[in-house]
Amino acid sequence: MKRRTFLSSSTQALALLGAGCATVDAVAVPATEVPSHPLQGLTTFDGHTPLEKLPAILDRPATVIDFWASWCVPCRQSFPHLDQLYRTWLGRGFDLIGVSVDDDPVAARRFFTQFRPRFPVAWDATAVVRERFGVVSLPTTVLLDKEGSTVLRNVGFELSDHRYLAEQVRRLVEGG
């Protein structure tokens, strides 16, 4: 299986100047804290209610986790494309969740209301999930396979990168 990383860890800093938006420093998670689910810690936009249904990442052929913020211009560009990807593969073993890293839940909720994606969204109020996934620039889109392994990690938004993401989702879902 070919694995592709659009920006290696040594070049992630360049994304701050390119097609991505820098995030604020995330809160470190103590090494002794091992979550039962990689998305544990996400909440609704009230910040207090844990997300009731976390995506079943394991045993799904493909899961996309997209980290975004309301103030991020490339995030605004990517949302309609992600929504189309979700609608295309929904019900065929694909899942997608948008994770807001906004400091202000009102701004995040407004962004969500404006775009009205069909995929579920959650808020990473404590920055624990963004830290777990090493998010330093937005949007950061992670594609996981059925073992929970990262197949693709894309930082920023370019239409050609989204097309590659869609092709990888298709390949995983169709089993080829």
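A few comments on the model shown:
- Across segment 32-134, the mean sequence separation of Cα contacts (distance under 8 Å, 6 or more residues apart), normalised by length, yields a relative contact order of 37 percent.
- DSSP beta bridge pairing in segment 84-176, given as percent antiparallel to the nearest 5: 55 percent
- GluC sites (Glu not before Pro) lying in DSSP loop within segment 101-176, provided at most 11 other Cβ fall within 10 Å: Glu147
- Summarising the label geometry, the points placed 7 Å from Cα in the beta-carbon direction at Leu58 and Thr150 lie 2.0 nm from one another.
- For segment 46-60, Karplus couplings with θ = phi - 60° (6.51, -1.76, 1.60), whole Hz, Gly/Pro x: 7, x, 10, 8, x, 4, 5, 10, 7, x, 7, 4, 6, 6, 9
Taken together, the values in this text are just the output of simple stated rules run on the coordinates, not laboratory data. Because the structure is predicted, anything quoted here is derived from the model rather than measured. Every residue, glycine as well, gets a Cβ built from its backbone with ideal geometry; the counts of neighbours run over all protein chains shown.
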